[in-house]
Amino acid sequence: MKQDKRKKRFRTALLAALLAGMLGGCATSGDPKDPIEGFNRAMFAFNDGLDTVLIKPVAKGYDAVLPAPVRTGVTNFFGNIADLFIGVNNLLQGKPEQALSDFGRVVINSTIGILGLFDVASEAGLEKHEEDFGQTFGRWGVGDGAYVVIPFFGPRTVRDTVGLVLDVKTDPVANLSDVATRNSLLALRVIDNRADLLPADKVIEEAALDKYSYVRDGYLQRRRNLIHDGNPPRDLED
């Protein structure tokens, strides 16, 4: 009960902070894609600071200490869990062949691949996809909405934020009943994902005069490509 109350308080406080920031930042930008830029930059700075002092150093240690095959096994393990709802989203997007491939990956990697530690399915020719509920909404014709940076979760759009709620609600790891196991696995996944992104840090630092704008534009472009499976339609502004 106490744990549930703490969760509710945290969610309420987070929503209040987001709302206050959005209302306060609405008039800070003339960019229709980023109308609350003032708030977003503040949240970006918060996330970047948290990454600099905590997440990135731990990820560097993780990358340095663990052998590459072990790190690959961890990535494969979480990727195998994700494939289940990637298949669900492909099904919802009207792509049954891709969905069947995703479910096949789960079966093969969970058995022959020993709980997903080895990606046997890719070697067998079953392609790894990347889908989520935000992309599904996009395929259904739901517009992006404003760009927003969420504390801890990073860049999103309004549509992708709604999708994120469903992603979390259906995430098998986030919904484990054993709190210690759940938190340990969530922390491991965050660090493993961050370690995979370490090579990109130097590229961003060297290429970006304004890191915030660089990340924002890169995120929006990538999401557009993902929604249209790498073949987005031309915009009027293109």
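Annotation note: of Val58, Val53, the sole residue that is without any contact (Cβ under 8 Å) to a residue 60 or more places away in the chain, farther than 30 Å from Gly104 by Cβ and surrounded by fewer than 19 Cβ atoms within 10 Å (Cβ to Cβ) is Val53. Counting only residues that are assigned to a loop (DSSP other than H, G, I, E, B) and either under 12 Å from Glu131 (Cα atoms) or at pLDDT 85 or above (or both), the stretch 220-237 holds 5 of them. Of the residues in the stretch 65-72, not one is basic (Lys, Arg) and open to solvent by less than 50 Å² (accessible area, probe 1.4 Å).
Scanning the stretch 73-100 for residues that are open to solvent by less than 20 Å² (accessible area, probe 1.4 Å) and farther than 23 Å from Gly163 by Cβ turns up just one, Gly73. The sole residue among Val168, Val215, Val173 that is within 20 Å of Gly30 (Cα to Cα) and among the β-branched types (Val, Ile, Thr) is Val215.
The values are calculated or read from the model by the stated rules, or taken from the named source; none is laboratory data. Bear in mind that the values here come from a model prediction, so they are computed numbers and not experimental data. Glycine also receives a Cβ, built like all others from the backbone with ideal geometry; neighbour counts cover every protein chain displayed. To get the accessible areas, we keep the full protein, side chains included, count just its heavy atoms, and leave off ligands, DNA and RNA. Shrake-Rupley method; radii C 1.70, N 1.55, O 1.52, S 1.80 Å.
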